[in-house]
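In what follows, a structure is listed as structure tokens, so that the remarks can point back to it.
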Amino acid sequence: RVTYLSAPDSLQGSLAAGLLGGGSRFLGVTEDCGRYLHDVLSGLDGTLPSTDEGWDAVALSAVERTKAAGRFVPGLGHPVHKMTDPRTPVLIGIAAEENLRGPHLRLFEAIGRVHEQVLGRRLPLNGAGVCGAALADLGLPVELLRGFALLARAAGLLGQIAEERRRPIGMDVYMTVDRNAVYVDPTDDAD
């Protein structure tokens, strides 16, 4: 077998490729959710609800406005975790234990309770959205929240690189994709 990640300088390239491959779809939700929640809270002029019912009313109004604008609420839904994202209750629990369950997280939790009334279907609060809410509650600038997702991704990539060096599967993955790819005529619009 050929180990593609054995050269010393390939570590930087591998990490860079993994980070660049993240993009807005996979790494942007943390920032997008934090910004969304920040914008909703900014519209309250400093008057925050003191009960879950109050947060639910703010959340309901925000989700209604977002739907009317033809946009999605960032942090709702997940391509794998259709019912519950297992990271979500753990992250909320940590924030609560550390007395860091602030207005962004309270609003996001309320969105999780009320969005079905507006959207007509139940979607899970995803872990990346919870991270955006929790990081915003820490007072971090919302325009930098994607950077924290990048830091977490870099740590995960380093673990994957270490695993690939021990037990390479890169060529197997390539061959599986190559042997099973179905090529279609790009001018064929039958679908």
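The values are calculated or read from the model by the stated rules, or taken from the named source; none is laboratory data. Every value quoted in this text rests on a predicted model; they were computed, and no experiment measured them. Cβ coordinates were reconstructed from backbone atoms using ideal geometry, including for glycine residues, and neighbour counts include every protein chain displayed. When the accessible area is computed, the model is the full protein with side chains, heavy atoms only, and any ligands, DNA or RNA have been set aside. Shrake-Rupley method; radii C 1.70, N 1.55, O 1.52, S 1.80 Å.
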Can you name the condition, by its number, that ILE161 falls short on among (1) surrounded by fewer than 11 Cβ atoms within 10 Å (Cβ to Cβ); (2) in contact with a helix residue (DSSP H, G or I) (Cβ under 6 Å, 6 or more places away or on another chain)?
(1)
Looking only at the stretch 158-191, filter to residues that are of a type in the set (Gly, Ala, Ser) and without any contact (Cβ under 8 Å) to a residue 60 or more places away in the chain; which one of those is nearest to GLY23 (Cα to Cα)?
GLY159
Where residues in the stretch 37-65 are assigned to a helix (DSSP H, G or I) and without any contact (Cβ under 8 Å) to a residue 40 or more places away in the chain, which of them is nearest to the chain's Cα centre (by Cα)?
ASP39
So which of THR51, THR30, THR66 ends up being among the hydroxyl-bearing types (Ser, Thr, Tyr) and exposed (fewer than 14 other Cβ atoms within 10 Å of the Cβ)?
THR51
For the stretch 71-108, give me each residue that is open to solvent by less than 80 Å² (accessible area, probe 1.4 Å) and among the basic types (Lys, Arg).
ARG106
How many residues are at pLDDT below 95 and among the β-branched types (Val, Ile, Thr) if we restrict to the stretch 113-153?
1
Scanning the stretch 66-110 for residues that are within 17 Å of LEU41 (Cα to Cα), in contact with a strand residue (DSSP E or B) (Cβ under 8 Å, 6 or more places away or on another chain) and in a helix (DSSP H, G or I) gives PHE108, GLU109
Subset of the stretch 110-144 [among the acidic types (Asp, Glu) and either out of contact with any helix residue (DSSP H, G or I) (no Cβ under 7 Å at 6 or more places or on another chain) or closer than 14 Å to GLU31 by Cβ (or both)]
GLU116, GLU143
Out of ALA110, ALA155, ALA133, ALA96, sole residue that is within 28 Å of ALA16 (Cβ to Cβ) and of a type outside the set (Val, Ile, Thr):
ALA155
Hey, SER42 at negative phi, open to solvent by 40 Å² or more (accessible area, probe 1.4 Å) and modelled with pLDDT under 85 or not
no
Here is a list: VAL177, VAL182. Which entry is more than 25 Å from SER50 (Cα to Cα), among the aliphatic types (A, V, I, L, M), open to solvent by 90 Å² or more (accessible area, probe 1.4 Å) and not in a helix (DSSP H, G or I)?
VAL182
